[in-house]
Amino acid sequence: MSDMTVFAKGQAELVEVRPGVHAWVQPDGSWWLNNAGAVTIGTAQLVIDTCATATRARRFLEALGEATGMMPKLAVNTHQHGDHTYGNSLLPGTTVLIGQEKMREGLRVDPIIDGCPPFWSPVPDWGDVERRLPDVTVDDALTVHLGDRRVELRHPGGPAHTTGDLIAWVPHERVLFTGDLVFSGLTPLVFMGSVPGALAAIDWLAGFGPEVLVPGHGPVLTGDDIGRVLDEHRRYCRLVLQAGADGIARGRSALDAARAVDLGEFAS
Ligand SMILES: [Zn+2]
């Protein structure tokens, strides 16, 4: 499936990973450069995540509109982070937006959309976006019906990447949109969730048996690459947990413990 590997340098790209199932992939997947997607069946469309800035969200929604000739009836946010949600206000006003209960609260109180701290340099310019919160919230599970197809929205059961994660599983096409529970080829980020929870979520994701996995950041995965990247996440989470345990045992500060880690295979 190397034709689906679009992760060269350059522009974002809309990839039809299965008939009616699109992934929007933004190289190089680093800070604020997320993936999004959509499922389109008959006359019904579900969008999965938006993008960080007005320009990027418009680019995604215009490419999707050109490819499908459709206005999204429904949309879902995989989690609260701005790279996946700040573009929500660019969705049509009639689109019903879905999110996990804790995700909605997280975006409601998110301060970064109102003024990005100079932690990132250059500071991103969101453009003309407004905070737009989900209309419908889910605690654990919700099934969206698009014509005769199902899209299953599921919460991993506890904190993982964040406290309000949702995945979108398209069982008929065996496509799994994981949000930021998976970073392919990039360092996983768990600073607003739980490392043990993120580790447990990897087994939970593998249990769906996806043929195509659309991660929150990085290239779309198929075939053996899915298991390979999930194994990398397992090893990386264990490395972080071990580093924490070692640091506590030696009475080190978190920063000193982090500095002492031998990154091994993850050094790059
Ligand atoms: Zn995230």
(request) Order the peptides 114-125, 205-216 from the highest to the lowest mean number of other Cβ atoms within 10 Å of their residues. (result) 205-216, 114-125
(request) Provide the per residue accessible area, probe 1.4 Å, for the chain, rounded to a whole number of square angstrom. (result) 46
(request) Kindly work out what percent of the DSSP beta bridges joining two residues of segment 114-268 are antiparallel, to the nearest 5. (result) 75
(message) Below 8 Å between Cα atoms, with a sequence gap of 6+, how large is the relative contact order for the chain in percent?
(response) 16
(request) Counting other Cβ atoms within 10 Å, keep those with at most 14, restrict to DSSP loop, and tell me which chymotrypsin sites (Phe, Trp or Tyr not before Pro) in segment 1-101 are left. (result) TRP31
(message) What does DSSP give for the chain in terms of the percent of beta bridges that are antiparallel, rounded to the nearest 5?
(response) 65
(message) Along each principal axis of its Cα atoms, how long is segment 145-224 end to end? Whole angstroms, biggest number first, please.
(response) 38, 25, 18
(request) Would you work out what percent of the accessible area of segment 192-252, with all protein chains in place, is carbon or sulfur (probe 1.4 Å)? (result) 53
(message) Relative contact order of segment 137-261, please, whole-number percent, based on alpha carbon pairs below 8 angstrom and at least 6 residues apart.
(response) 19
(request) Divide by every residue of the chain the summed helix terms, -39500 (n - 2.57) for each DSSP H run of at least 4, and state the resulting mean residue ellipticity at 222 nm, rounded to the nearest 500 deg cm²/dmol. (result) -8000 deg cm²/dmol
(message) Please compute the length gained on full extension between SER30 and ALA67, using 0.36 nm multiplied by the number of residues separating them and subtracting their Cα-Cα distance.
(response) 10.7 nm
(request) Kindly express, to the nearest 10 degrees and within the range 0 to 90, the angle between helix 54-68's C-alpha long axis and the longest C-alpha principal axis of the chain. (result) 50
(message) Give me the dipole magnitude in Debye, nearest 20, for the chain about the Cα centre, with unit charges on the beta carbon: positive for Lys and Arg, negative for Asp and Glu.
(response) 240
(message) Helix 195-206 against the longest principal axis of the chain: what's the angle in degrees, Cα atoms only, rounded to the nearest 10?
(response) 50
(request) Report the percentage of all Cα-Cα pairs in the chain whose separation exceeds 27 Å, rounded to a whole percent. (result) 35
(request) Could you work out the equivalent-ellipsoid semi-axes for segment 226-268, taking the square root of 5 times each eigenvalue of the Cα gyration tensor, largest first, in whole Å? (result) 23, 11, 6
(message) Give me the dipole magnitude in Debye, nearest 20, for segment 6-135 about the Cα centre, with unit charges on the beta carbon: positive for Lys and Arg, negative for Asp and Glu.
(response) 180
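The values are calculated or read from the model by the stated rules, or taken from the named source; none is laboratory data. Keep in mind that this is a model prediction, so the values were computed, not measured. So basically every Cβ, Gly included, is an ideal-geometry build from the backbone, and we count neighbours across all protein chains shown. When the accessible area is computed, the model is the full protein with side chains, heavy atoms only, and any ligands, DNA or RNA have been set aside. Shrake-Rupley method; radii C 1.70, N 1.55, O 1.52, S 1.80 Å.
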